[in-house]
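Chemist: Dumping the structure here so I can ask a few things about it.
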Amino acid sequence: MLRTINLLFAFQVLLIGFYSCNNKKADIFDTEIDPLYTITTPIFLNSTTNIISLENFIKDFKNIDSIYYSSGNYLYNSTQKTIEITNDFNEIDALSSINIVVGNKTYSIVCRKSDKANITINFIPKPSEKFVNVKIAGDFNDWDPDKTPMEFNDDCWKANLRLDKGTYQYQLVVDGVWRNNHPEGDTVLNGIGGYNTLLSVQSQCKASAPQIYTHSYNNQEIIIKTNYTPDKLLILWQNQFIPIDLNNFDSNSYTIQIPEEAKKNQRSDIRIFSSYKGCQSNDLLIPLKNGKVITSTQELSRDDKHYNIMYFMLVDRFFNKCKENDKPLHDNRLPNKSNYQGGDLQGINHKLETGYFEDLGINCLWISSIFQNPTTAFKEFSEPRRYSSGYHGYWPISSVDIDIRFGNDSVFKNLIDNAHAQNTNIILDFVANHVHQDHPLYQSNKSWATELNLPDGRKNIRIWNEYRLTTWFDTFLPSWDFNNPEVTDTISELALYWIKKFDVDGFRHDATKHIPEVFWTNLTKKIQTNFSEKTFFQIGETFGSRELINNYVGSDKLDGQFDFNLYFDVRNCFADSLCDMQKLAQSLNSSLSLYGYNNLMGNITGNHNIIRFITYADKSVLSGEDNKEAGWARDINVKNKLSYKKLQNLAAFTMSIPGIPCIYYGDEIGMPGAGDPDNRRMMIFDNLNPEQKETFEIFKKLISIRKNNIELIYGASFIIHESKNALVLKRQYFDKVSYLLINQSANTKELTLNKNELGIINEYAINFNSEINELSSNYQIILAPYSFELLTKN
């Protein structure tokens, strides 16, 4: 009976949509009764069971008349508030929707079908080689060889996988020995002194996906264009579909009527998705202000998440302003690198007040954890078992008190007030996964922690993949068991405390993948319920496959995560001239296809857990050398001035692609550093060398260009040239167009742009003064070795 009622409402909604298309007076838009918490991001449908918990999206069920799925069979459970898509995976449309009917209004959640392919990896040993056990470890299985054993048949080891399109890295584990799969695949530097085998997975689409972009607009309508007409087009204003008719495509152009209701909303969005023969296009995001298209970044503010330029600093290692709270640990067993250096919140505030961040162009500060940490040193479980302090902030003995070495409540409030006065957000590092053993909450509730001792006798410490959701980071850092509802509720309430008391603007979440999704949906639901008027940004940290990372991203969980997979490919390409930029193009497309072309993923220049980019590019850490031990063994400095140029290329790429650029403190001047803790040196502000000064100015200019060119924030992204050593990226938002051209080779390179494509060259700012020659049908841009140019239309 429920199915019959739902289908009846579906038919009624179709009639409403048809009537609206033919009667302009029909009012189908209303944000006041929208039952959804927020503007919903697409849900991914895959080949496994697709059961969606609607309670994570819908804030109020009482006025809902019907819930249905647009494209086939489904089961709605009104008791559990779930909807199950029961179609055979092959029958699921590339784009579909879950629809919630309230009276004569319908609110929708877009569903995207994952583009997975069946892949076979072969390993053919030499006739003289005899093996007993062969497995595969790669970024598609979180580098856990036990997840992908191979079977031996007809002189060949085989493993069958089902993967999204993209480029992956892996190694074979042959009788316990890690090795590459020659000659099955190409190899790429793996960042730890060796190489990984590359696996390229092509799309299963039988046709090319459409490319869509914004063309023109006025106060009533928007015109989009495509390279050819899609067979499916979804256009939403907020959470409601704008009625469309594919027959209205004219010369691959489509006109969208801006809803009258949009004029009543100070800010709203139009989102566009399309597909052709099952192949999904890029998506578009068009922000509106009182119903008019926003075309200038001057109309954006810190409430616009896509506008963020993030800067991350470890509080203890940034700037020491208040000597009175300097309290290093007095322990002869503790190396100075692992002790407190004196940085504090007063230091960050001082640099804020004296204009360091404003001069650089930063409008979002991610501050490392400021929770109170122990006043004694602890011996790490892993070899070589050095002593360390909690200078980094990730060993909390309190989740509500600010560490006395960093400041106090009034200092933090003052910092936030000053940041907000400068239109700058404060993102706080929140540690949910674990606490220090001295934390009162653990002392009172030890049963809330996961087990340290495994049944096989091992300690459950840093077993990142096999025991991903229960492993401890060290013997003195118990991890919470979030399968216990009390734990999830308690820790999420502690997070709310920091929003209520200090008005922080977001969280960076430590160790995201080690916490089950139920915690993230619980926390996000609480934030959306209690702070519905506040723009709040959540970004996570997960080292793992893109699929694992994406499991934690969505309007019901986190806004984004740091895109480490893309970063590692970026690092390989810009640090080493042997890299193929075509592989970087594939990696970027993999991220955009999965996370969306208007994603909020963090695009980093580096972070506190990995070797500094400039040190990697400089080859100051030897091939095969432990990068952490290198920092203990000797002073790491920049030996080759060319390494700064490579860093500048990375910065140009990071500032030009979709997502949130995130600068790790010191990268703006090319600070060196091996692995942790050498990559966490005190920040340098004075006595910079010429290369550091130049790098700062390049970062500053790139940030300014991004912040002043809206196409670099909301524009469609197209790679229009890719080769071994060069890449050209186009961003377009209506008549605003930018071109990023990169030469990643040791030789001068001539890149061409078609005149018909580019238009009149005098209409563009040549921001980095490259030489440009006009030819009969092209413009020739001359790029020096390891350099870039960024053209922006005036």
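The values are calculated or read from the model by the stated rules, or taken from the named source; none is laboratory data. Being a predicted model, the structure only gives us computed values, none of them experimental. Here Cβ is always computed from backbone atoms with ideal geometry, including for glycine, and neighbour counts include all displayed protein chains. Side chains included, ligands, DNA and RNA excluded: accessible areas come from the protein's heavy atoms. Shrake-Rupley method; radii C 1.70, N 1.55, O 1.52, S 1.80 Å.
Chemist: Taking amide H positions as placed 1.01 Å from N in the peptide plane, with prolines and chain starts having none, which residues 5 or more places from Val737, or on another chain, fall under 5 Å of its amide H?
Modeler: Lys793
Chemist: Right, something else. Per residue, how many Å² of accessible area does the chain show with a 1.4 Å probe?
Modeler: For the chain, the per-residue accessible area is 40 Å².
Chemist: Then there is this: For a quick protection proxy, order the peptides 316-326, 781-791 by their average other-Cβ count within 10 Å, most packed first.
Modeler: 781-791, 316-326
Chemist: Whole-Hz Karplus ³J(HN,Hα) for region 582-590, in order, using 6.51 cos²θ - 1.76 cosθ + 1.60 and θ = phi - 60°, x for Gly and Pro?
Modeler: Each residue of region 582-590 in turn: 5, 5, 5, 4, 4, 5, 4, 5, 4 Hz.
Chemist: Sorted by average packing, counted as other Cβ atoms within 10 angstrom per residue and highest first, what order do 609-621, 759-771, 396-408, 531-543 take?
Modeler: Ranked by mean Cβ neighbours within 10 Å, highest first: 609-621, 396-408, 531-543, 759-771.
Chemist: In whole angstrom, note down how far apart the Cα centers of region 658-672 and region 721-779 are.
Modeler: 25 Å
Chemist: Something else now. For Lys500 and Lys158, calculate 0.36 nm times their separation in residues minus their Cα-Cα distance, and state this gained length in nm to one decimal.
Modeler: 117.6 nm
Chemist: Got a sec? Which residues in region 668-692 would a label at Asp626 touch, if it sits 7 Å along Cα→Cβ and we count backbone N under 13 Å?
Modeler: Only 675-677 fall inside the zone, counting backbone N under 13 Å.
Chemist: Treating the beta-carbon of each Lys and Arg as +1 and of each Asp and Glu as -1, no other charges, what is the dipole magnitude of region 463-610 about its Cα centre, to the nearest 20 debye?
Modeler: Dipole magnitude for region 463-610 comes out near 200 debye.
Chemist: Round to the nearest 0.05 the FRET efficiency obtained for Ser301 and Phe718 when R0 = 22 Å and r is the Cβ-Cβ distance.
Modeler: With R0 = 22 Å, the Cβ-Cβ based efficiency is 0.20.
Chemist: Now a separate question. Could you state the orientation-averaged shadow area of the convex hull built on the Cα atoms of region 643-703, in nm² to one decimal?
Modeler: Hull-based average projected area comes out at 4.4 nm².
Chemist: Helix-derived [θ] at 222 nm for the chain: sum -39500 (n - 2.57) over DSSP H runs of at least 4, divide by residue count, nearest 500?
Modeler: -6500 deg cm²/dmol
Chemist: Calculate I(q)/I(0) for region 378-450 by the Debye formula, one identical point scatterer on each C-alpha and no solvent, and give its log10 at q = 0.16, 0.24 Å⁻¹ to two decimals.
Modeler: After summing over all Cα pairs, the log10 values are -0.76, -1.17.
Chemist: Project the alpha carbons of region 24-108 onto their principal axes and report the range along each, largest first, in whole Å.
Modeler: For region 24-108, the Cα extents along the three principal axes come out at 40, 32, 20 Å.
Chemist: Hey, another quick one. Given the peptides 229-240, 293-304, arrange them by the average over their residues of other C-beta atoms within 10 Å, most packed first.
Modeler: 229-240, 293-304
Chemist: In terms of Cα to Cα distance under 16 Å, which lysines are near enough to Lys81, apart from those fewer than 8 places away along the same chain?
Modeler: Excluding near neighbours in sequence, the set is Lys59, Lys62, Lys525.
Chemist: Can you give the net charge of the other residues whose Cβ lies under 13 Å from the Cβ of Glu129, counting K and R as +1 and D and E as -1?
Modeler: Around Glu129, the surrounding residues sum to +1.
Chemist: If you place +1 on the Cβ of every Lys and Arg and -1 on the Cβ of every Asp and Glu, how big does the dipole about the Cα centre of the chain come out, in debye to the nearest 20?
Modeler: It comes to approximately 460 debye.
Chemist: Carbon and sulfur together cover what percent of the accessible area of region 79-199 at a 1.4 Å probe radius?
Modeler: Reported share for carbon and sulfur atoms: 46 percent.
Chemist: Same structure, new question: Carbon and sulfur: what percent of region 639-770's accessible surface (1.4 Å probe)?
Modeler: That fraction is 43 percent.
Chemist: Go ahead and run the numbers for FRET between Lys62 and Lys459, Cβ-Cβ distance against an R0 of 56 Å, rounding to 0.05.
Modeler: Plugging the Cβ-Cβ distance into 1/(1 + (r/R0)^6) gives 0.65.
Chemist: Just to confirm my numbers, what's the Cα centroid distance between region 57-128 and region 148-172 in Å?
Modeler: 28 Å
Chemist: Rg to Rh for region 627-673: what is it, with Cα atoms only and Rh by Kirkwood?
Modeler: Using only Cα positions, Rg/Rh for region 627-673 is 1.05.
Chemist: With only Lys, Arg, Asp and Glu charged, each at its Cβ (+1 for the first two, -1 for the last two), find how big the charge dipole of region 744-794 is about the Cα centre; round to the nearest 20 debye.
Modeler: Around 80 debye, computed over region 744-794.
Chemist: Say each of Asn773 and Arg634 gets a label point 7 Å from the Cα, pointing the same way as Cα to Cβ; how far apart are those two points in nm?
Modeler: Taking the simple label geometry, Asn773 and Arg634 are separated by 4.4 nm.
Chemist: Here's another thing I want to ask about it. Summing +1 for each Lys or Arg and -1 for each Asp or Glu, what net charge is found among the other residues whose Cβ lies under 14 Å from the Cβ of Asp626?
Modeler: -2
Chemist: How are the Cα pair distances of the chain distributed, in percent, across 20 Å bins from 0?
Modeler: 15, 49, 33, 3, 0
Chemist: Can you give me the C-alpha center-to-center distance between region 208-241 and region 428-448, rounded to a whole angstrom?
Modeler: Rounded to whole Å, the Cα centres lie 49 Å apart.
Chemist: Then there is this: What does the charge count near Asp735 come to, summing +1 for each Lys or Arg and -1 for each Asp or Glu among other residues with Cβ under 15 Å from its Cβ?
Modeler: Spelling it out: positives minus negatives among the neighbours equals +2.
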